[in-house]
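Undergrad: Below you will find the structure I want to go over with you.
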Amino acid sequence: MSNDEIGASRLSCCDQPRQLMQLNVSGAESHILPVSRSARESLAMSVVQILPRTGEPVLPTSFVEPAVEAALDATNSAPLAETQTAEPVSERYSMDRIFHAILARYTGGISPIALTLAWLDWSSHLAAAPQRRLEIATNVIRDSSRLLQAATYATSAGMEPWSVIRPGKRDRRFKEPQWEAPAFNLLAQAFLLGERWWHDATTGVRGVSHANEAIVEFSMRQILDTLAPSNFAATNPEVLEKAFQSGGENFVFGCQNWYGDLMRMLLAAKPAGNDQFVVGQTVAASPGKVVYRNALIELIQYYPTTAKVRPEPILIVPAWIMKYYILDLSPQNSLVKFLTDQGFTVFAISWRNPDARDRDVAFDDYRRQGVMAALDAIGRILPGQKVHALGYCLGGTLLSIAAAAMARDGDDRLGTITLLAAQTDFTEAGELTLFINESQVAFLEDMMSQRGYLDTAQMAGAFALLRSNDLIWSRLLHDYLMGDAVPPSDLMAWNADATRLPYRMHSEYLRKLFLDNDLAEGRYVVDGRNISLSDIHAPMFAVGTITDHVAPWRSVHKLHYQVDADLTFLLTSGGHNAGVVAPPDEPGHSYQVMTKVADAPYVGPDEWLKLAPQVEGSWWPEWTRWLVARSGALCDPPRTGYGDLDGLPDAPGDYVRT
């Protein structure tokens, strides 16, 4: 090749990026579009000429032109996010996908490649950090000498327990006084020191990515939680004391509990004691009528319990990860009953539990056939009335998307918006993000592709790992070692009544919201156009819970700088479920609350925590007072449903039983 040919070839290659930069130019004005990571990668690849394998004909340079033309057409006609394929993932490499699906059965749905890469990242950087290793070793030697000194004087007068290290405030494994006996106290302190050493070793290593550091720290914590002395009869003074007092009877009862749980697991039966919580009788028992049904939802209208009601109805949009009756448990724990007793007309969406036939149901189908269809039905029953919309967890995320799209299109049917433990920005979505990276999502997609949905076991296992001490090991102690089965509750019965997630919907949810964070960054597309949460101007009420592992309250708090609306933020005690289900008659609840008007300066979460006043009691009355202040005068209750309701069941409907 001559020098001129080489120069021309280099010039052609250098010109391609310049041509690509000009794709968005229309006339004399250049437009910069928000582009997701996957879109940037695919667009960059469109200008790379793929060299043929040996024996294949050499394709002309013009072969790449259709890709560039397609990118140009897509840029001029629609946002780039819309040019992605309709399918959530490619269906190629079917053998690889089958292999991954089989492997997932033995890994609990966790990608071994993601774990391996995280540990390799950490171990490699730690190996290349001699000063950091020296610091860790120094801490080990110092703490070991302190523990040895405590052991030497353990029986001396005046020697206090927990002289080396104390359990954390939320660590309930060693809270009983039996753990203050010298031998067991030293054993517990040695274990806590080991936890601290490993936490120091797995965090703060320079060069390790934050995501990989979190995975390594979390997985190491799970291993150590398994080895805690509280999990073994011989090293747990509570179990030994119970055994001496009962003559070993606790082990007999524990074996019975274990065998009963094993049989129920093999037979796919309900957990022990859950038979007393029957849907439609003892839970989900608020009287009402299904007034609308489509392939995805049943809309329930609850009967009024007061002579007069507020003119604006309340629409509850629950998450479809769970059954809707988390907000209609036993009558004393039912938010639905509480609202109807306060003079509100309440509607609730009950999602149908999907199966393999629903594998291609998209995330936007839940918006169209869920939120929007419910609003249309309510509009036929109560024409012209604004709606107080409430979204819980993933239902709150969906409601925020629907509200932003409605605001963009000039649809003002929403009078207020309430979000319960719902995230709209997923950059700090808590430990749940440990299960969400490119490798893990691809692994989950391959697993779901075989069934057409994400099974309940995978979701239940992931949520249990987030709180393994509370949901796994504490049960091992109380049910199997102590022989004292935890009494059933309506919340536990609901938690066992799990649901499935469609393949395509779950893939889109993980990729668009968790991986690419499209909603928070202005790339999320509804009906071919981008939406922005800043278009929302309706008054908002957001609830976060202090110990939420699914939607951390600091992540929920980010709504403050996303919407252009008056926002009342309330932080309540408890976790993702127990904090929301907080009836006024139940003691032990407290909350902080503060309102930010639309044009007020932003207040960060730490500063908010200092400024917001503390209130004892349930947050439910606080919220209903907020609703009343934004509702009209009392009036006669509306009719139940519209048109012919024959063939539609009474509440709780049919879908909740699937």
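The values are calculated or read from the model by the stated rules, or taken from the named source; none is laboratory data. Predicted, not measured: the structure shown is a model, and the values here were computed from it. Please note: Cβ atoms are built from the backbone with ideal geometry, for glycine as well, and neighbour counts cover all protein chains shown. SASA here: full protein model, heavy atoms, side chains in, ligands and nucleic acids out. Shrake-Rupley method; radii C 1.70, N 1.55, O 1.52, S 1.80 Å.
Undergrad: Just checking, does the stretch 560-568 include any residue being within 30 Å of residue 471 (Cα to Cα) and out of contact with any Lys or Arg (no Cβ under 6 Å at 6 or more places or on another chain)?
TA: Within the stretch 560-568, none of the residues are within 30 Å of residue 471 (Cα to Cα) and out of contact with any Lys or Arg (no Cβ under 6 Å at 6 or more places or on another chain).
Undergrad: Could you tell me whether the stretch 431-449 includes any residue that is on the phi < 0 side of the Ramachandran plot, outside any helix (DSSP H, G or I), among the β-branched types (Val, Ile, Thr) and within 18 Å of the chain's Cα centre (by Cα)? Walk me through how you get there before you give the answer.
TA: First, the residues of the stretch 431-449 that are on the phi < 0 side of the Ramachandran plot: 431-449.
Those left that are additionally outside any helix (DSSP H, G or I): 436-437.
Filter once more, so that each one left must be among the β-branched types (Val, Ile, Thr): 436.
Remaining after also requiring within 18 Å of the chain's Cα centre (by Cα): 436.
Looking for residues that are on the phi < 0 side of the Ramachandran plot, outside any helix (DSSP H, G or I), among the β-branched types (Val, Ile, Thr) and within 18 Å of the chain's Cα centre (by Cα), one finds at least one in the stretch 431-449, hence yes.
Matching residues to (1) among the aliphatic types (A, V, I, L, M); (2) over 20 Å from residue 434 (Cα atoms); (3) outside any helix (DSSP H, G or I):
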| residue | (1), (2), (3) |
| --- | --- |
| 471 | yes, no, no |
| 474 | no, yes, no |
| 477 | yes, yes, no |
| 480 | no, yes, no |
| 486 | yes, yes, yes |
| 506 | no, no, no |
| 509 | no, no, no |
| 513 | yes, no, no |
| 550 | yes, no, yes |
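Undergrad: Just to verify a result, which residue in the stretch 596-614, among those that are over 26 Å from the mean Cα position of the chain (by Cα) and under 30 Å from residue 337 (Cα atoms), is least open to solvent (accessible area, probe 1.4 Å)?
TA: 613
Undergrad: Just checking, which of 580, 593 is under 20 Å from residue 396 (Cβ atoms) and buried (at least 21 other Cβ atoms within 10 Å of the Cβ)?
TA: Exactly one residue qualifies, and that residue is 580.
Undergrad: Separate question: Say whether the condition of being at positive phi and part of a loop (DSSP other than H, G, I, E, B) is met by at least one residue in the stretch 622-638.
TA: No; the residues of the stretch 622-638 include none that is at positive phi and part of a loop (DSSP other than H, G, I, E, B).
Yes/no per residue for (1) at positive phi; (2) crowded, with 22+ Cβ neighbours inside 10 Å:
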{"site": "337", "(1), (2)": "no, yes"}
{"site": "343", "(1), (2)": "yes, no"}
{"site": "350", "(1), (2)": "no, yes"}
{"site": "354", "(1), (2)": "no, yes"}
{"site": "362", "(1), (2)": "no, no"}
{"site": "365", "(1), (2)": "no, no"}
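Undergrad: From (1) of a type outside the set (Phe, Trp, Tyr); (2) in a helix (DSSP H, G or I); (3) surrounded by fewer than 17 Cβ atoms within 10 Å (Cβ to Cβ); (4) without any contact (Cβ under 8 Å) to a residue 60 or more places away in the chain, pick out the condition that doesn't hold for residue 268.
TA: Failing condition for residue 268: (2).
Undergrad: Filter the stretch 566-592 for residues that are touching a strand residue (DSSP E or B) at 6+ places or on another chain (Cβ under 6 Å), among the aliphatic types (A, V, I, L, M) and touching a residue at least 60 places away in the same chain (Cβ under 8 Å) and give the result.
TA: Listed by number, the list holds a single entry, 580.
Undergrad: Another question about this same structure. For the stretch 103-116, what are the residues that are surrounded by 12 or more Cβ atoms within 10 Å (Cβ to Cβ) and either of a type in the set (S, T, N, Q) or more than 24 Å from the chain's Cα centre (by Cα) (or both)?
TA: 103, 107, 111
Undergrad: Any idea how many residues of the stretch 494-553 are of a type in the set (Lys, Arg), over 23 Å from residue 351 (Cβ atoms) and either open to solvent by 30 Å² or more (accessible area, probe 1.4 Å) or without any contact (Cβ under 8 Å) to a residue 24 or more places away in the chain (or both)?
TA: So the count comes out to 1.
Undergrad: Just give me the residues in the stretch 271-281 being surrounded by 15 or more Cβ atoms within 10 Å (Cβ to Cβ) and either modelled with pLDDT of 85 or more or out of contact with any Pro (no Cβ under 8 Å at 6 or more places or on another chain) (or both), in sequence order.
TA: Once the filter is applied, which keeps residues that are surrounded by 15 or more Cβ atoms within 10 Å (Cβ to Cβ) and either modelled with pLDDT of 85 or more or out of contact with any Pro (no Cβ under 8 Å at 6 or more places or on another chain) (or both), the stretch 271-281 yields 277, 279, 280.
Undergrad: Name the residues in the stretch 140-168 that are closer than 23 Å to residue 225 by Cα, surrounded by fewer than 16 Cβ atoms within 10 Å (Cβ to Cβ) and of a type in the set (Gly, Ala, Ser), would you?
TA: 144, 168 - these are the residues of the stretch 140-168 that are closer than 23 Å to residue 225 by Cα, surrounded by fewer than 16 Cβ atoms within 10 Å (Cβ to Cβ) and of a type in the set (Gly, Ala, Ser).
Undergrad: Oh, and also: Could you look through the stretch 213-254, keep only residues that are of a type in the set (A, V, I, L, M) and within 30 Å of residue 127 (Cα to Cα), and pick out the one that is most open to solvent (accessible area, probe 1.4 Å)? Step through it out loud before you land on a result.
TA: Filtering the stretch 213-254 down to residues of a type in the set (A, V, I, L, M) leaves 214-216, 220, 223-224, 227-228, 233-234, 239-240, 243, 252.
When the remaining residues are screened for being within 30 Å of residue 127 (Cα to Cα), the result is 214-216, 220, 223-224, 227-228.
Working: 214: 37, 215: 14, 216: 0, 220: 20, 223: 84, 224: 25, 227: 105, 228: 0 Å².
If we take residues in the stretch 213-254 being of a type in the set (A, V, I, L, M) and within 30 Å of residue 127 (Cα to Cα), then 227 is most open to solvent (accessible area, probe 1.4 Å).
Undergrad: What pairs come out if I take residues in the stretch 593-612 that are modelled with pLDDT of 95 or more and in a helix (DSSP H, G or I) and pair them with residues that are open to solvent by 40 Å² or more (accessible area, probe 1.4 Å) and among the charged types (D, E, K, R) whose C-beta lies under 9 Å away, six or more apart or interchain?
TA: 605/554; 606/554
Undergrad: Exactly one of these conditions fails for residue 444: (1) crowded, with 21+ Cβ neighbours inside 10 Å; (2) touching a Ser or Thr at 6+ places or on another chain (Cβ under 6 Å); (3) modelled with pLDDT under 95. Give me its number.
TA: (2) is the only condition that residue 444 fails.
Undergrad: Here's a follow-up. Any residue that is among the small types (Gly, Ala, Ser) and open to solvent by 50 Å² or more (accessible area, probe 1.4 Å) - is there at least one of those in the stretch 179-190?
TA: Yes: one or more hits.
Undergrad: A further question on this structure: Considering only the stretch 198-212, state which residues are touching a residue at least 12 places away in the same chain (Cβ under 8 Å), in a helix (DSSP H, G or I) and open to solvent by 60 Å² or more (accessible area, probe 1.4 Å). Outline the logic, then answer.
TA: If we filter the stretch 198-212 for residues that are touching a residue at least 12 places away in the same chain (Cβ under 8 Å), which is where we start, we get 198-209, 211-212.
Imposing the further condition that a residue be in a helix (DSSP H, G or I) reduces the set to 198-202, 211-212.
Passing the criteria: 198, 199, 211.
Undergrad: Looking at (1) buried (at least 17 other Cβ atoms within 10 Å of the Cβ); (2) touching a Leu at 6+ places or on another chain (Cβ under 6 Å), which is the only condition residue 308 fails?
TA: Answer for residue 308: the failing condition is (1).
Undergrad: Across the stretch 117-139, which residue is least open to solvent (accessible area, probe 1.4 Å) among those that are touching a residue at least 12 places away in the same chain (Cβ under 8 Å) and under 30 Å from residue 444 (Cβ atoms)?
TA: Across the stretch 117-139, the extreme among qualifying residues is 118.
Undergrad: Right, here's the next one. Among the residues of the stretch 475-483, are any among the small types (Gly, Ala, Ser), more than 30 Å from residue 383 (Cα to Cα) and crowded, with 18+ Cβ neighbours inside 10 Å?
TA: Restricting attention to the stretch 475-483, the residues satisfying the condition of being among the small types (Gly, Ala, Ser) are 483.
Those left that are additionally more than 30 Å from residue 383 (Cα to Cα): 483.
In the following step, the residues that additionally are crowded, with 18+ Cβ neighbours inside 10 Å were identified as 483.
Yes: the stretch 475-483 contains one or more residues that are among the small types (Gly, Ala, Ser), more than 30 Å from residue 383 (Cα to Cα) and crowded, with 18+ Cβ neighbours inside 10 Å.
Undergrad: Checking the condition β-branched (Val, Ile, Thr), over 25 Å from the mean Cα position of the chain (by Cα) and closer than 30 Å to residue 365 by Cβ, which residue from 252, 283, 291 passes?
TA: The conditions single out 291.
Undergrad: Here is a further query. Within the stretch 401-423, track down each residue that is more than 11 Å from the chain's Cα centre (by Cα), part of a loop (DSSP other than H, G, I, E, B) and under 20 Å from residue 515 (Cα atoms).
TA: Across the stretch 401-423, there are no qualifying residues.
Undergrad: Related question: Suppose the filter is acidic (Asp, Glu), closer than 28 Å to residue 305 by Cβ, surrounded by fewer than 18 Cβ atoms within 10 Å (Cβ to Cβ) and at pLDDT 95 or above; does residue 585 pass it? Before the answer, list the steps.
TA: Numbers: acidic (Asp, Glu): yes; closer than 28 Å to residue 305 by Cβ: yes; surrounded by fewer than 18 Cβ atoms within 10 Å (Cβ to Cβ): yes; at pLDDT 95 or above: no.
No: the conditions fail for residue 585.
Undergrad: Tally up the residues in the stretch 217-267 that are among the basic types (Lys, Arg) and either closer than 12 Å to residue 481 by Cβ or at pLDDT 95 or above (or both), please.
TA: 1
Undergrad: Picking from 617, 643, which residue would you name as being of a type outside the set (S, T, N, Q), on the phi > 0 side of the Ramachandran plot and over 27 Å from the mean Cα position of the chain (by Cα)?
TA: The conditions single out 643.
Undergrad: Can you tell me which residue in the stretch 450-468 is nearest to residue 557 (Cα to Cα), limited to those that are assigned to a helix (DSSP H, G or I) and open to solvent by 50 Å² or more (accessible area, probe 1.4 Å)?
TA: 463
Undergrad: Select from the stretch 555-574 the residues that are open to solvent by 10 Å² or more (accessible area, probe 1.4 Å) and part of a loop (DSSP other than H, G, I, E, B) and list them in ascending order.
TA: The answer is 562, 563, 564, 566, 573, 574.
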